[in-house]
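Comments concern the structure below.
We did not get these values from a lab; they are worked out from the coordinates using the rules stated. All values derive from a computational prediction rather than experimental measurement. Here the Cβ positions follow ideal geometry from the backbone for every residue, glycine too, while neighbour counts run over all protein chains shown.
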Amino acid sequence: MLQLSGRESEQNASRTPKIPEYRQSIIDGEKRLQFIPAFFCTPLADNMAADWLRQYSNYDGGFWNYWVIPQGIGGSVEPNRIIFTTSRTGYIAPEGEQRYHLIIPGNYFDAEVSADAAGIVATLMILNRLSCQVSDMGPEYVRICRRLVSRQDALKDYLSIIQHPERHLIWRAID
């Protein structure tokens with residue numbers, strides 16, 4: 001199990017919350033090019049996420065961070081309940097400390113979130129959209145659909161395990 005740092009920082013409303021560093025950043029150009037099609041099963045997913053964020057927030061473009069979360073990250077999510085990420089997952093998020101005002105009418109969501117949380121929401125929404133599209137393509141695509149759903153579930157588990165400071169906002173946004 002990879003654990004770079006398990007320390008949680010205090011949340012300050014004026015700054016982006018600090019996230020425990022069980023995740024790994026992809027900074028190498030070649031690996032960044034490979035990440036999107038490998039993770040989302042389509043090379044268009046980063047554009048889909050940026051377009052989604054533009055549609056539902058005040059996002060106006062910029063560089064994105066790519067994060068990988070290894071399989072096997074575990075922790076206590078409530079008394080007497082420990083969970084582990086069952087598959088490798090990850091997400092993409094706009095770079096920086098800015099905050100985004102997300103308005104998702106279909107989910108009755110209207111709140112300000114960090115760039116990290118906005119990226120997680122966008123990633124989960126795109127994974128969900130892609131899994132629905134792939135499931136409609138027929139039985140030969142079942143494996144891909146399961147992979148996309150598994151990545152969604154593992155990312156949601158990760159948010160609970162690390163007790164992401166904005167996890168309750170993220171749940172509301174995707175509900």
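Available extension along the chain between Q133 and T86 is 14.6 nm, counting 0.36 nm per residue and deducting the alpha carbon span. Here the 3J(HN,Hα) profile of segment 63-74, calculated from phi with Karplus coefficients 6.51, -1.76 and 1.60 at θ = phi - 60°, is 7, 10, 8, 10, 10, 10, 10, x, 5, x, 5, x Hz, Gly and Pro shown as x. The stretch between N58 and D28 holds 8.0 nm of extra length on full extension. This uses 0.36 nm per residue minus the Cα-Cα distance.
For F109, the amide hydrogen comes within under 5 Å of the amide hydrogens of I104, counting only partners 5 or more places away or on other chains and with H modelled in the peptide plane.
Taking Lys and Arg as +1 and Asp and Glu as -1, the other residues whose beta-carbon sits under 15 Å from that of M137 total +2. Could you let me know the centre-to-centre spacing of segment 124-175 and segment 71-88, using Cα atoms, in angstrom? Cα centroid of segment 124-175 versus Cα centroid of segment 71-88: 17 Å apart. Taken over the C-alpha atoms, segment 31-140 has Rg and Dmax values of 15.3, 43 angstrom.
The length gained by stretching the chain between D175 and Q98 to full extension, at 0.36 nm per residue less their Cα-Cα distance, is 25.3 nm. Ranking T85, S25, P37 by Cα position along the charge dipole of the chain, where only Lys, Arg, Asp and Glu carry charges on their C-beta atoms, puts T85 farthest toward the positive end. Net charge of the neighbourhood of A38, taken over other residues with C-beta under 15 Å away and scored Lys/Arg +1, Asp/Glu -1, is +3. Working note: Karplus 6.51/-1.76/1.60 with θ = phi - 60° gives segment 31-37 the couplings 5, 5, 5, 7, 4, 4, x Hz, where Gly and Pro are set to x. Averaging the sequence gap over all C-alpha pairs within less than 8 Å and six or more residues apart, then dividing by the number of residues, gives the chain a relative contact order of 22 percent.
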